[in-house]
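Working notes, beginning with the structure itself.
The values are calculated or read from the model by the stated rules, or taken from the named source; none is laboratory data. Please read these numbers as outputs of a predicted model, since none were measured by experiment. A quick note on method: Cβ atoms are made from the backbone with ideal geometry, for glycine too, and the neighbour counts reach across all protein chains shown.
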Amino acid sequence: MMRNTRSYWISVAIGLLGASLLAAKDSKAPAESDRIEVIAHIPLSGSPVVHLTTGIHWRRNYLYLDHGTGSSVTVFDVTHPAAPTRAAALDIATQGANGDVSAVVGTAVLVASEERPAAPQTVTILNLAEAEHPTVVRQFLGVTSMLKDDSRGIIYLTNGGGLWVLRLEPATDLELEKEYEHYVRYNP
């Protein structure tokens, strides 16, 4: 009986040692870096988009692409941001509303008096992993509108190439993961 108990504890010790060696090996892996990635691109036709607005209706997320006063508003279902689908085209001007779509809640849309659209801009994604030597990851030229959806970690932008959907992907916090693993292991 003593021999079986001793064998058991030796097996447990070897298992724990192996697990700790594997964990140490994994902790030396290079740290994952923060990223901003293009997850979708949809070519657009017609006049440039001058304003973007998001809204939620019946658990669906929508993106409203306003082409300016007198033009239609293109609506995309962006519930799955990597696969946006065209949902509708609204002709707000025929309703006597003049201006840009400024806010949306469900089926209610706020149209504010028109503002002069800003000149197209260049939007650049930089990698600052080496702060002294930042590198350009990607540039978008002629951007006419941009909107950051903080709640979903998504950025929408439009230019002559169409609608671009970008995802903000922060690196994994390795210290927080270790704390969580410790908590799960020792707090049943």
**Asked** Out of (1) in a strand (DSSP E or B); (2) modelled with pLDDT of 90 or more; (3) buried (at least 18 other Cβ atoms within 10 Å of the Cβ), the odd one out for Val38 is which?
**Response** (3)
**Request:** Mind counting the residues in the range 119-166 that are surrounded by fewer than 16 Cβ atoms within 10 Å (Cβ to Cβ) and within 12 Å of the chain's Cα centre (by Cα)?
**Result:** 5
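Results for (1) within 24 Å of Val50 (Cβ to Cβ); (2) part of a helix (DSSP H, G or I); (3) in contact (Cβ under 8 Å) with a residue 60 or more places away in the chain; (4) not hydrophobic (A, V, I, L, M, F, W, C), shown as yes or no for each residue.
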{"residue": "Gln139", "(1), (2), (3), (4)": "yes, no, no, yes"}
{"residue": "Gly142", "(1), (2), (3), (4)": "yes, no, no, yes"}
{"residue": "Ile155", "(1), (2), (3), (4)": "yes, no, yes, no"}
{"residue": "Ala171", "(1), (2), (3), (4)": "no, no, yes, no"}
{"residue": "Leu176", "(1), (2), (3), (4)": "no, yes, no, no"}
**Request:** Filter the range 109-125 for residues that are modelled with pLDDT of 85 or more and among the hydroxyl-bearing types (Ser, Thr, Tyr) and give the result.
**Result:** Thr122, Thr124
**Message:** Of all residues being in contact with a Ser or Thr (Cβ under 6 Å, 6 or more places away or on another chain) and in a strand (DSSP E or B) in the range 144-153, which is nearest to Pro84 (Cα to Cα)? Just the residue, please.
**Reply:** Asp149
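Among Leu128, Leu147, Leu157, which is modelled with pLDDT under 85 and on the phi < 0 side of the Ramachandran plot?
Leu128
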**Request:** Would you mind telling me which numbered condition in (1) modelled with pLDDT of 55 or more; (2) exposed (fewer than 12 other Cβ atoms within 10 Å of the Cβ) Ser20 fails?
**Result:** (1)
**Asked** Considering the range 38-51 alone, what residues qualify as being among the aliphatic types (A, V, I, L, M) and more than 21 Å from Glu169 (Cβ to Cβ)?
**Response** Leu44, Val49, Val50
